[in-house]
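Worksheet: the structure to be examined is printed underneath.
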Amino acid sequence: MERIQKIIANSGMCSRRKAERLIEKGLVTVNGQKAKLGQKASYTDNIIVENKLLNKKEEKVYFLLNKPRGVVSTVTDDKERKTITSLINTDKRIYPIGRLDYDTTGAIILTNDGELANILMHPKNRIERSYYVKVEGFITKEELNRFKHPILVENKTCNIEYCKIKKYDKKTNTSYVLMILKEGHNHEVKNIFKAINHPVIKLKRESFAELRVDNLKSGEYRKLLPKEIKKLYSYKKEERK
């Protein structure tokens with residue numbers, strides 16, 4: 001017996017968080033009865049999610065993609081833009097763990113493993129993300145020092161783990177910065193630099209959970225190794241009793 005949201009996540013239909021939201025909205029039934037959050041069920045039960053019969057456990061797949069510009073980090077898009085899942089050759093129903101903006105490039109994981117997606121997206125697990133950022137203007141030492149303390153951005157507190165100016169181009173008046181974060185707020189990097197009046201021109205996520213895309217061309221992907229998957233699961237923090 002497992003919690004229903006975990007069964008749904010393990011089926012590859014969606015992440016555990018999304019499954020919880022669907023249960024709360026009354027869009028999940030178990031053997032004809034509306035499911036309740038926290039309820040347990042068996043993989044042999046008849047579970048229907050949004051009028052679709054839940055598939056049984058399927059083989060889990062894991063991909064690391066170097067996301068190109070001009071692609072949305074969603075499974076579908078109502079504006080008919082190219083989606084990130086269309087870049088992966090698989091018959092499994094995969095989805096990205098987290099999102100990168102339409103014009104942001106770099107490392108992103110796609111999988112049908114909802115349990116792993118929940119681990120990597122949960123704020124308490126503090127998954128490291130490194131970014132290489134091109135911004136307008138010269139960043140002063142005083143501005144850089146602001147990042148040594150939590151900074152309030154869009155009513156959210158952002159903690160910058162590391163920030164270093166790699167170079168400054170006088171001709172174009174642009175700075176190149178390496179930044180490391182362990183949170184996953186929407187548009188976090190862009191909003192951080194906007195707060196110090198240095199708009200982002202280009203943004204690349206160089207690594208996610210220590211997985212780098214240095215050897216992948218834009219739009220290329222590879223399967224994760226078993227040891228890499230094991231490492232990703234190790235980020236799960238044990239619940240305090």
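The values are calculated or read from the model by the stated rules, or taken from the named source; none is laboratory data. This is a predicted model, so every value here is computed, not measured. Cβ sites come from the backbone with ideal geometry, for glycine too, and all protein chains shown count toward neighbours. Please note that ligands, DNA and RNA were not included when accessible areas were found on the heavy atoms of the full protein model with its side chains. Shrake-Rupley method; radii C 1.70, N 1.55, O 1.52, S 1.80 Å.
What is the sum of charges around A41, taking Lys and Arg as +1, Asp and Glu as -1, for the other residues whose C-beta is under 11 Å from the C-beta of A41? Don't skip to the end; give the middle numbers.
Numbers: positive: R3, K6, K36, K40; negative: E2, D45.
Value of the local net charge: +2.
Compute the normalised compactness of the chain: alpha-carbon radius of gyration over 2.2 N^0.38 Å, N being the residue count. Kindly include the intermediate steps, with their values, before the conclusion.
Values: Rg = 19.9 Å, N = 241, 2.2 N^0.38 = 17.7 Å.
Relative to the rule-of-thumb radius for its length, the chain sits at 1.12.
To the nearest whole percent, what portion of all C-alpha pairs in segment 76-178 is separated by more than 22 angstrom? Don't jump to the answer; show the numbers that get you there.
Details: 2622 of 5253 pairs.
So the pairs more than 22 Å apart make up 50 percent of the total in segment 76-178.
Sum -39500 (n - 2.57) across every DSSP H segment of at least 4 residues in the chain, then divide by the residue count to get the 222 nm mean residue ellipticity, nearest 500.
On the way: 6 runs with 46 residues, N = 241.
The helix-only estimate for the chain comes to -5000 deg cm²/dmol at 222 nm.
Using only the alpha-carbon atoms of segment 1-133, report the extent along each of the three principal axes, biggest first, to the nearest angstrom.
Result for segment 1-133: principal-axis Cα extents of 49, 33, 27 Å.
Between L144 and H122, 0.36 nm times their residue separation minus their Cα-Cα distance comes to what?
Numbers: separation 22, 0.36 × 22 = 7.92 nm, distance 2.79 nm.
Length difference between fully extended and current span is 5.1 nm.
Please find the FRET efficiency linking D91 to E220, where r is the Cβ-Cβ separation and R0 is fixed at 25 Å, and quote it to the nearest 0.05.
Details: r = 20 Å, r/R0 = 0.79.
Calculated value: 0.80.
Given a Förster distance of 25 Å, report the FRET efficiency between E136 and T157 from their Cβ-Cβ distance, rounded to the nearest 0.05. Can you show the working numbers first?
Working: r = 25 Å, r/R0 = 0.98.
Efficiency, from the Cβ-Cβ distance: 0.55.
Equivalent-ellipsoid semi-axes (√(5λ), Cα gyration tensor) for segment 1-48, whole Å, largest first? Before the final figure, lay out the partial values.
Numbers: eigenvalues 36, 31, 16 Å².
Working from the Cα gyration tensor, I get semi-axes of 13, 13, 9 Å.
Beta carbons within 10 angstrom, averaged per residue: use that to sort the peptides 94-104, 134-144, highest first.
Values: 94-104: 18.8, 134-144: 14.9.
For the peptides 94-104, 134-144, the packing ranking is 94-104, 134-144.
Using the alpha-carbon centroid of each, what span in Å lies between segment 1-59 and segment 193-230?
Segment 1-59 and segment 193-230 have Cα centres separated by 32 Å.
Using only alpha carbon positions, build the gyration tensor of segment 173-238, then give the equivalent ellipsoid semi-axes as the square roots of 5 times its eigenvalues, largest first, whole angstrom. Could you put the intermediate results ahead of the total?
Details: eigenvalues 156, 60, 15 Å².
Three semi-axes, in Å: 28, 17, 9.
Averaged per residue, what accessible area in Å² does segment 136-241 show with a 1.4 Å probe, protein chains only?
Details: 7390 Å² over 106 residues.
Here the residues of segment 136-241 average 70 Å² of exposed surface.
Work out from phi, with θ = phi - 60° and the Karplus expression 6.51 cos²θ - 1.76 cosθ + 1.60, the ³J(HN,Hα) of each residue of segment 208-214, listed in order in whole Hz, and give x for Gly and Pro.
9, 6, 6, 8, 9, 10, 4
Given a Förster distance of 25 angstrom, what is the FRET efficiency for E115 paired with K182, based on the Cβ-Cβ distance and rounded to 0.05? Don't jump to the answer; show the numbers that get you there.
Details: r = 21 Å, r/R0 = 0.82.
Efficiency, rounded to the nearest 0.05: 0.75.
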